[in-house]
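Read-outs throughout are calculated quantities, based only on the coordinates presented, and are distinct from any laboratory measurement. Only a predicted model underlies this, so the values are computations on that prediction, with no experimental measurement involved. For neighbour counting, all protein chains shown are included, and Cβ atoms are generated from backbone atoms with ideal geometry for every residue, glycine included.
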Amino acid sequence: MNIDNIEEEIRRLKKEKNAVLLVHNYQRPEVQDIADLLGDSLGLSKKAAETDADMIIFCGVRFMAETAKILSPEKKTLQPRKEAGCPMANMVTAEDVRRLKTEYPDARVVSYVNTNADVKAESDVCCTSANAIEVVKNIEAERVIFVPDRNLGSYVQKFVNKEMILWDGYCYVHENITKEDVLKAKEKFPDALVLVHPECNPPVIDEADEVLSTGGMVNFAKKSDKRRFLIGTEEGIMYRLKKENPKKEFYPAGKPRVCWDMKLTTIYDVYLALEEERFSIELSKEIMISARKALNAMLKYT
Ligand code: 13P
Ligand code: SF4
């Protein structure tokens, strides 16, 4: 089967099964090209909650497909590569959160969506990189336990007058982007605007003109009248930025950084997922009910 045939087959199967294809901005170009919705964690969660499709095919990592399942429990939700996970999500466990709650009984728990479902189930509210500041600002507590990303947490801390108890997790992809990388890139393109993801470490964030989710970067680049941009996030988004803004220039802030889990899913995996209805996300009812409360509480802020 060649690529044109695969695309055609995917379109046919999607129609036959009334399936929707949700794709994260870091996915491979050929997978981005067949998306029904291409977006960031927040946009994709909203779509998962609203869709009237019978089946969701989620091209991203495990926590994203789990989020879709939790928000649309009656729908068959498939992840074409079941081993695609987020290493940062695995840095905090439900047991860790229970311990923190005992240690800080007056605190509320905000968990980044980059967490496993059982961690969400222990949380009061979830957030994404697009709404984290709003969520923490609005939660009714003076003390907030924030898991697992220490970088996103310390970025949010700058905007809220609350005590934040930060977990020590991080994303290795963003952690690998250094301040030196950004400074060198700025030297090469002094007129470029620097857009970075809040999962970057604080010295990198200090060098940025804008700190944005991946969806925020896409919107910002489209609206901006600037021509050149340095992008501090996973390299997959460059394809979308260039495709949607052919007259603008985008360069990685330093070496291109790759999330290997995000790159596992190929177009052939998407075809197999549809054809064989694999791999289904299954979660316990109890975990789904509690995690859904935390996710729905987040969707109020969007
Ligand atoms: P966004 O929600 O900004 O797309 O980020 C998801 C993610 O995994 C970043 O590493
Ligand atoms: Fe997780 Fe980082 Fe990959 Fe995003 S880029 S999925 S946070 S490891």
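Scanning segment 211-247 for residues that are outside any helix (DSSP H, G or I), away from ligand 1 (no atom under 13 Å from the Cβ) and either surrounded by fewer than 22 Cβ atoms within 10 Å (Cβ to Cβ) or of a type in the set (A, V, I, L, M) (or both) turns up Ser224, Asp225, Lys226, Arg227, Arg228, Leu230, Asn245, Pro246, Lys247.
Only one of the numbered conditions (1) within 21 Å of Arg292 (Cα to Cα); (2) away from ligand 2 (no atom under 16 Å from the Cβ); (3) out of contact with any Lys or Arg (no Cβ under 9 Å at 6 or more places or on another chain); (4) assigned to a helix (DSSP H, G or I) is violated by Asp52, and that is (4). Taking the criterion of being of a type in the set (Lys, Arg), assigned to a helix (DSSP H, G or I) and more than 14 Å from Met88 (Cβ to Cβ), the only residue of segment 124-167 that qualifies is Lys137.
Of the residues in segment 21-39, how many are buried (at least 24 other Cβ atoms within 10 Å of the Cβ) and either closer than 23 Å to Lys293 by Cα or among the small types (Gly, Ala, Ser) (or both)? The qualifying residues number 1. Can you report the number of residues in segment 87-123 which are free of Cβ contacts under 8 Å to residues at least 60 places away in the same chain, assigned to a loop (DSSP other than H, G, I, E, B) and charged (D, E, K, R)? Residues in segment 87-123 being free of Cβ contacts under 8 Å to residues at least 60 places away in the same chain, assigned to a loop (DSSP other than H, G, I, E, B) and charged (D, E, K, R): 1 in total.
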